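The values are calculated or read from the model by the stated rules, or taken from the named source; none is laboratory data. The shown structure was predicted, so the numbers you read here are calculated from the model rather than taken from an experiment. Here the Cβ positions follow ideal geometry from the backbone for every residue, glycine too, while neighbour counts run over all protein chains shown.
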Amino acid sequence: MKLVISIVQDVDAETLIEELTKENFRVTKMSSSGGFLKSGNTTLLCGVDDEDVNRLFSIIKNNCKTREVTKIVQTMNIPGQAIIPTPICVKVGGAIAFVLDVEDFKRY
Ligand code: 2BA
C-alpha cells in the first residue's frame with residue numbers, strides 16, 4: 001500500500017475530490033498554504049493499493065491545471081535605497097505528489 005500526499009490548488013480541489021470519490025478512492029482533505037506564495041492550497045492524503053497508484057495519478061493529472069500567478073516581491077537594488085515592489089510570475093501546479101510506502105494500515 002502507498003500513501004499519496006498531493007498538494008493541489010484550492011480551485012481544483014473540490015472537483016478532484018469528487019472524481020476520486022466517484023472512482024472509490026478514499027481521501028482526506030487538509031487546508032494548507034505554500035511557503036513561497038503564502039497563499040492557501042489543499043493537501044490531500046490518499047491511502048491506495050499499489051496497483052491503483054497510476055489510476056490515481058491520471059485522475060489528478062486530468063483535474064489539476066497549471067496556472068501562472070504573479071507575486072510581488074520587495075527588492076532593494078542598492079543597500080540603503082528604497083525598497084521597490086517587483087512583480088514576478090510563477091507557474092503553480094498542476095499538482096505536487098509524494099508517494100510513501102505504508103508499513104501498516106488498520107481500520108478499527
Ligand atoms: P508555494 O510554496 O506557495 O509555491 C508556489 C509556486 O511558486 C511553486 O509551484 C513554484 O512554481 C514557485 N516556487 C516555490 N518556491 C520557489 C522558490 N524558492 N523560488 C522560485 N519559485 C518558487 P509548485 O512547484 O507547483 O508548488 C505548489 C505548492 O506545492 C507550493 O506552494 C508548496 O505548498 C507545495 N510544494 C511544492 N514543492 C514542494 C516540496 N518539495 N515540498 C513541500 N511542498 C512543496
Counted residues in the range 79-102 being more than 24 Å from the chain's Cα centre (by Cα) and either under 28 Å from Asn41 (Cα atoms) or basic (Lys, Arg) (or both) come to 3
Test of understanding: among Thr86, Thr42, which residue is closer than 25 Å to Arg107 by Cβ, in a strand (DSSP E or B) and not charged (D, E, K, R)?
Thr42
Looking at the range 1-28, I want the residues that are more than 18 Å from Asp101 (Cβ to Cβ) and have a partner that is within 13 Å of the ligand (Cβ to nearest atom) and at pLDDT below 95 with Cβ atoms under 7 Å, at least 6 apart or on another chain. Which pairs are those?
Val8/Gly93; Gln9/Gly93
Qualifying positions in the range 72-108 - exposed (fewer than 14 other Cβ atoms within 10 Å of the Cβ), within 11 Å of the ligand (Cβ to nearest atom) and not hydrophobic (A, V, I, L, M, F, W, C):
Lys91
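One line per residue, one yes/no per condition, for (1) modelled with pLDDT of 95 or more; (2) away from the ligand (no atom under 11 Å from the Cβ):
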| site | (1), (2) |
| --- | --- |
| Met1 | yes, yes |
| Ser6 | yes, no |
| Leu16 | yes, yes |
| Leu20 | yes, yes |
| Asn24 | yes, yes |
| Val27 | yes, yes |
| Phe36 | no, no |
| Gly47 | yes, yes |
| Leu56 | yes, yes |
Just to be sure, is Thr42 modelled with pLDDT under 95 and among the polar types (S, T, N, Q)?
no
Mind checking which residues of the range 13-35 are under 13 Å from the mean Cα position of the chain (by Cα) and hydrophobic (A, V, I, L, M, F, W, C)?
Ala13, Leu16, Ile17, Met30
Considering residues that are surrounded by fewer than 15 Cβ atoms within 10 Å (Cβ to Cβ) and under 12 Å from the mean Cα position of the chain (by Cα), the number found within the range 40-71 is 5
